[in-house]
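The values are calculated or read from the model by the stated rules, or taken from the named source; none is laboratory data. The model shown is predicted, which means the values in this text are computed figures rather than measured ones. Neighbour counts run over all protein chains shown; Cβ positions are idealised from the backbone, glycine included. Only protein heavy atoms, including side chains, enter the accessible area calculation; ligands, DNA and RNA are left aside. Shrake-Rupley method; radii C 1.70, N 1.55, O 1.52, S 1.80 Å.
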Amino acid sequence: MANDNSNQWSRVDRNQNMYDNQPGQEPPRPRPKGKGSGPKKPRKPRKKRRWLLAIFLWLLTLGIIGSLAGAALFFTYATDAPNITESDLASENSTQLLDSQGNVIWTMATQERDYANANEIPKTLKQAVVSIEDRRFYKHNGVDPIRIMGAALANIKGSSLGMQGGSTLTQQLVKLSVFSTSSADQTLKRKAQEAWLALRVEKNFTKNEILTFYVNKVYMGHGIYGMKTAAEYFYSKPLTELSIPQLALLAGMPQSPTYYDPYLKNNSAAKERRNTVIEAMDKYGAITEKQAKAAIATPVNDGLQDLTTKAENADQNRKVVDAYAKSAISEAQKLGYDTSKSGLKIYTSMDSSLQQSLYDNANSGSVTFSSANLQISATMTNPNNGRVVAQIGGRNVTTTFALNRATQSPRSSGSSIKPLLDYGPAIEYLNWPTYRTVVDKKYKYVGLNKDVYDWDRKYMGNITMRTALTQSRNIPAVRTLEEVGGANAEKFVNGLGITTDGTPGGSAAIGIPVTSEQEAAAFGAIANGGTYYKPTYITKVVTADGTTHNYTITGTRAMKTSTAFMLTDMLKGVIKPNATAADAAITGLHQAGKSGLVGYDDDNMPDRAISDAWFTGYTRSYALSVWTGFDYPKQNYIPWTEQDLPAQYYAKVMAYAMQNKDNTDWAMPDSVKQTVKGNIVEYEVKNASWSNGGLPSVTSITQSGETPAEAGISTNSASTGSTTGNN
């Protein structure tokens, strides 16, 4: 019986082996003995398992297909992703203007940013940022699936130490660098591109570089970007000098700078966020538990500076330099720079102390302006190279980038143009000596039945050119321009950077449209001996990549040295006590200059009402041109009693400017000869022929020039008799 049983199981085993080779078939099962034995029907659970298996395989297939489709979609989006460069990631400093001493005077753009190099970012700040924003930062490659799942779970649980988002620091950097941060723009396509670019960034940059980019990129509120800027703005300290709670506050702010603003009256949100950062730092070993407790116990406003005072000071400083900054930025743009982009350092010639002097004397009451609406423009240059050292475009300025009257609003020059358009060309082209006779008698403009009048409606008769210039007589100036000829006058004044509306003649002799920038540069050419330098503001520009572009100035010969010297000698007399700009006098200072007044033809204006008043003067070190007037001259006027306002202003500024400068006089060039006439030292071009126009010889009035004693010469050492001209 035993053998029978053994043979039976052997057959079953063999049958089992046989069925093993036939996929899809089930081997027969041995029948149990006893009651009820025999074949049984298939069980229903077997069918259910088959159905579940089919569903699983179907879902698996769909998952594989979906994954492939998702991958295909991801790469489709990725190929359409924008390019990202190091310059996109590296938030350069805002474009800055610097003065002649290298101090920042203006920051371009509303985004104030001071870039922090890696060595300026303390380790504690890096740990704080990583602890609160991306604690697996050093383990992932730009995208962190574990973080994504962890963030989702933490959001469900409601506790994640502030790290509810699935984006890594690298993804956040990409978003800040090339994408919009608006929630409406967070589409599937955008998120795919963000992830793709994050992978590329991680491939091309080190973790330290990425963290440095991030620290400099984030918005910190109050119009500032980057944590270094925030440290300086909030605490007036570099990052390296901040405490743990201060660094934790900065690290936590980028998530919502407005909500976590520590300057809010209710700053509980800022405190809570800071403490969350501190707890994260403690949890992940960046600081000790003892340090964490001490940091949390520190008031959230510890060390914060008063921003009201800062904002007021910054606004005031911008007002002081507003006109100069506007001119410098305009020049940079003409040089081909895009000043709207960050990273430029524009070095200027601005002397901050002189700039402040121009501003203060226009706004502080040291010079009396009778009306708040009475305006001013002033430009100060170095006549030896043409560089503008200071400039204001108005007073009572309330906005930035306001109208710059020094460059944007040409006004009639009045008599200040006479040395440039009339008497300068007469010396340059006709060799007139300073004592050449001119006529101040009743006269009409050529071709017009219109009288030329002097300011006093009187006539001085035959006078010297020196007297005519120091007394600012109009009729001799008009007649001189006619003798010089419009073509010569135009050539001469154009060489000084002043354009004319056609060939000048007639009333142009006593006034053409100019700006204080133009006059400062033109008179500067007289001051330096005849070389014109175009007024410039920029000395060098350093671009974001560290390349330095230096800008030198080349002058052009605008007049002979003899012309420049003789004009200067006559213009010294304009500041004499009995001349037209006595208020510009500064005791003991060697200087020269010319005033200018523009009256009205309107019978409705008071007698001797003035629309424009000028004074442009110079020393060997500086040229300063000053205009005063109203923006709407038909509605306002300067009373005659205030005609000397520009000269008074000039004297205040120039006296300050020259206190530490050499007070040197002009030396007579070899091409000029001295001669004494009527106890006045006069000058003429050596060995040059000239004509006195058939007029009688006369002498200059007292104090219109230097006496031999004032000039330090004896009458024996200078010619006192005949001239080389013919009458």
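Miscellaneous remarks
- Number of the condition not met by Glu279 [criteria: (1) in a helix (DSSP H, G or I); (2) within 30 Å of the chain's Cα centre (by Cα); (3) acidic (Asp, Glu)]: (2)
- Condition check for Val446: surrounded by fewer than 22 Cβ atoms within 10 Å (Cβ to Cβ), closer than 24 Å to Val681 by Cβ and either touching a residue at least 24 places away in the same chain (Cβ under 8 Å) or touching a helix residue (DSSP H, G or I) at 6+ places or on another chain (Cβ under 7 Å) (or both): no
- In segment 694-706, residue nearest to the chain's Cα centre (by Cα) [restricted to those that are open to solvent by 50 Å² or more (accessible area, probe 1.4 Å) and either charged (D, E, K, R) or on the phi > 0 side of the Ramachandran plot (or both)]: Gln703
- All of (1) at negative phi; (2) at pLDDT 95 or above hold for Gly461 with one exception: (1).
- Any hit, segment 354-373, residues being over 24 Å from Leu98 (Cα atoms) and among the β-branched types (Val, Ile, Thr): yes
To keep it simple, each residue is scored yes or no on (1) of a type in the set (Asp, Glu); (2) more than 28 Å from Lys661 (Cβ to Cβ); (3) in contact with a helix residue (DSSP H, G or I) (Cβ under 8 Å, 6 or more places away or on another chain).
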| position | (1), (2), (3) |
| --- | --- |
| Asn385 | no, no, no |
| Val388 | no, no, yes |
| Asn396 | no, yes, yes |
| Thr407 | no, no, yes |
| Leu420 | no, no, yes |
| Thr434 | no, no, yes |
| Tyr453 | no, yes, yes |
| Leu469 | no, no, yes |
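- Only one entry in Tyr225, Tyr214 is touching a Leu at 6+ places or on another chain (Cβ under 9 Å) and touching a residue at least 24 places away in the same chain (Cβ under 8 Å), namely Tyr214.
- Of the residues making up segment 598-619, just one is crowded, with 20+ Cβ neighbours inside 10 Å and assigned to a loop (DSSP other than H, G, I, E, B), namely Thr619.
- Annotation: Ala709 fulfils all but one of (1) outside any loop (DSSP other than H, G, I, E, B); (2) of a type in the set (Gly, Ala, Ser); (3) at pLDDT 95 or above; (4) open to solvent by 70 Å² or more (accessible area, probe 1.4 Å); the unmet one is (3).
- Scanning segment 68-87 for residues that are at pLDDT 75 or above and open to solvent by 40 Å² or more (accessible area, probe 1.4 Å) yields a single hit, Glu86.
- Of all residues in segment 436-466, those satisfying the criterion of being touching a strand residue (DSSP E or B) at 6+ places or on another chain (Cβ under 8 Å), more than 22 Å from Gly694 (Cα to Cα) and in a loop (DSSP other than H, G, I, E, B) are Lys450, Asp454, Trp455.
- Residue list for segment 555-581, filter: open to solvent by 30 Å² or more (accessible area, probe 1.4 Å) and at pLDDT 95 or above: Thr556, Arg557, Lys560, Thr561, Lys572
- Against the criterion of being under 30 Å from Tyr618 (Cβ atoms), open to solvent by 20 Å² or more (accessible area, probe 1.4 Å), assigned to a helix (DSSP H, G or I) and not aromatic (Phe, Trp, Tyr), Gln291 does not qualify.
- Residue match in segment 631-640 (condition: over 38 Å from the mean Cα position of the chain (by Cα), open to solvent by 30 Å² or more (accessible area, probe 1.4 Å) and modelled with pLDDT of 95 or more): no
Residue-wise test of (1) modelled with pLDDT of 85 or more; (2) over 32 Å from the mean Cα position of the chain (by Cα).
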site: Thr181; (1), (2): no, no
site: Leu188; (1), (2): no, yes
site: Glu194; (1), (2): no, yes
site: Arg200; (1), (2): yes, yes
site: Glu209; (1), (2): yes, no
site: Tyr219; (1), (2): yes, no
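- Failed criterion for Arg200 (all others in (1) open to solvent by less than 10 Å² (accessible area, probe 1.4 Å); (2) closer than 22 Å to Gln171 by Cα; (3) in contact (Cβ under 8 Å) with a residue 40 or more places away in the chain hold): (1)
- Selection status of Thr587, over 26 Å from Val397 (Cβ atoms) and either more than 36 Å from the chain's Cα centre (by Cα) or at pLDDT below 95 (or both): yes
- Top-ranked residue in segment 238-258 [being open to solvent by 70 Å² or more (accessible area, probe 1.4 Å) and at pLDDT 95 or above; ranked as farthest from Ala90 (Cα to Cα)]: Glu241
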